[in-house]
Ligand SMILES: *Cc1c(COP(=O)(O)O)cnc(C)c1O
């Protein structure tokens, strides 16, 4: 990555690139949040990335806290992952036949997360969740799924539901193009609310196949589970004969090597993985106990498949990433770096008299512009969005890329250095000043 000042040639403006992209790509992007819709302005177009930084097409170097939405726990272009990928590509890129690599990755996953005795690899987190839910339904022979408001589980029809005000009613789709019929089997409860969850289960007693939850919510910004929330869900599931699904697409291999279930010591029946296990390549996985997973084809009647599932290049990135994590055990350091960063942000906000709540756990954090505690989607929605927008753009101007929405998580990676933190905090102090001046 060239990072000298004095960029060669003429400087490309992101506005030009965005205009050109919009001619051919819907909204100029391939995934909506990238478009900066909620913060305004032109998205950053990336030329290349290394470590904690991305080099933008306009020649600017940015300290990245999006890290491909958490996938790049080791940092961009990791010096062990890249050579492994080069070697893998040399062996051909897809076969549609089994490889030893797939077994190796599945074994690593099962050893890290013992509840995942049997694993199925997919090409995305969305597919992993779809598969897990199908397995839960096939295993329990029940139809309904209970999810939590503000939790995202990929873009499958029946999961694009967060429910309106009547949280105890049946789900209403969040997206056009999803028939209400498809979400009829999706129940929605407020995060961290065991009482409402229990009541909803009771209302549909005997019909609920599974409760699916982000054990630490990351898709409404970071929302940490209250003590006993996850344990309570485990208990409710056991009482009702429903399965507990942890969507660990973010938390798997991030909170700790064994994911949220080992961090909190609450063991689900099924687990979904993605992001980090792909090491920056398209890869997801779901799995659970042998007795449950055997309903999946070819052993059982629940169908699930994928042309590129278990792709050798993606699996190589996953294996190499997990090996690095297992060997280097970066978790304590990640937590301490994140703590320092969050304390610095909190101090800076206080000094400028800006009300923020910083939710963070291990290497995940969100700065909410609100004076109230954020414990669920409702409280996360009570933010000063214009203040967030100003803050976001002020940071960006000073070379710091936060996730471009007030409902997202920022991720610290192994590659973030002390110097990155100092530069970030300097930018944060300036940004709060600007947020303040209205
Ligand atoms: C990102 C994410 C997904 C979807 O994964 P994709 O790879 O984008 O399909 C599912 N669940 C959670 C919790 C996620 O953060």
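Laboratory data are not the source of any read-out in this text; all were calculated from the coordinates shown. Owing to the predicted nature of the structure, the values given are computational and were not obtained by experimental measurement. We place every Cβ from the backbone using ideal geometry, glycine too, and count neighbours over all the protein chains shown.
What fraction of the DSSP beta bridges in the stretch 229-356 is antiparallel, stated in percent and rounded to the nearest 5?
Taking every DSSP beta bridge with both residues in the stretch 229-356, the antiparallel ones total about 45 percent.
Find the centroid of the Cα atoms in the stretch 205-234 and in the stretch 271-318, then give the distance between the two in whole Å.
22 Å
Using Cα pairs under 8 angstrom and six or more residues apart, how large is the relative contact order of the stretch 1-133, in percent?
Over the stretch 1-133, the number comes to 14 percent.
Under a GNM of the chain (C-alpha, springs under 10 Å), which listed residue has the highest mean-square fluctuation: 175, 183, 52?
175
For the stretch 81-328, what percent of Cα pairs sit more than 22 Å apart?
Summing the P(r) of the stretch 81-328 above 22 Å gives 51 percent of all pairs.
Can you sort 197, 409 by how many other beta carbons sit within 10 Å, fewest first?
197, 409
Can you give the alpha-carbon Rg of the chain over 2.2 N^0.38 Å, where N counts its residues?
Against the compact-globule rule of thumb, the ratio is 0.97.
Could you check what % of the DSSP bridge pairs in the chain are antiparallel, to the nearest 5?
60 percent
Which of 144, 196, 390, 351 has the fewest other C-beta atoms within 10 Å, and how do the rest follow up to the most?
351, 196, 390, 144
So what is the relative contact order for the stretch 177-229, in percent, with contacts set as C-alpha pairs under 8 Å and at least six apart?
29 percent
Given a 10 angstrom Cα cut-off, can you work out which residue in 228, 269, 420 is the most mobile in a GNM of the chain?
228
Given a 10 angstrom Cα cut-off, can you work out which residue in 45, 369, 286 is the most mobile in a GNM of the chain?
45
Quick one: 407, 253, 385, fewest Cβ neighbours within 10 Å first, how do they rank?
Fewest-to-most Cβ neighbours within 10 Å comes out as 385, 407, 253.
Just report the Cα centroid separation between the stretch 68-90 and the stretch 375-416, whole Å.
If we compute the Cα centre of each part, the gap is 26 Å.
Evaluate the relative contact order of the stretch 180-273 (contact order divided by residue number), counting alpha-carbon pairs under 8 angstrom at least 6 apart; express in whole percent.
Once normalised by length, the contact order is 26 percent.
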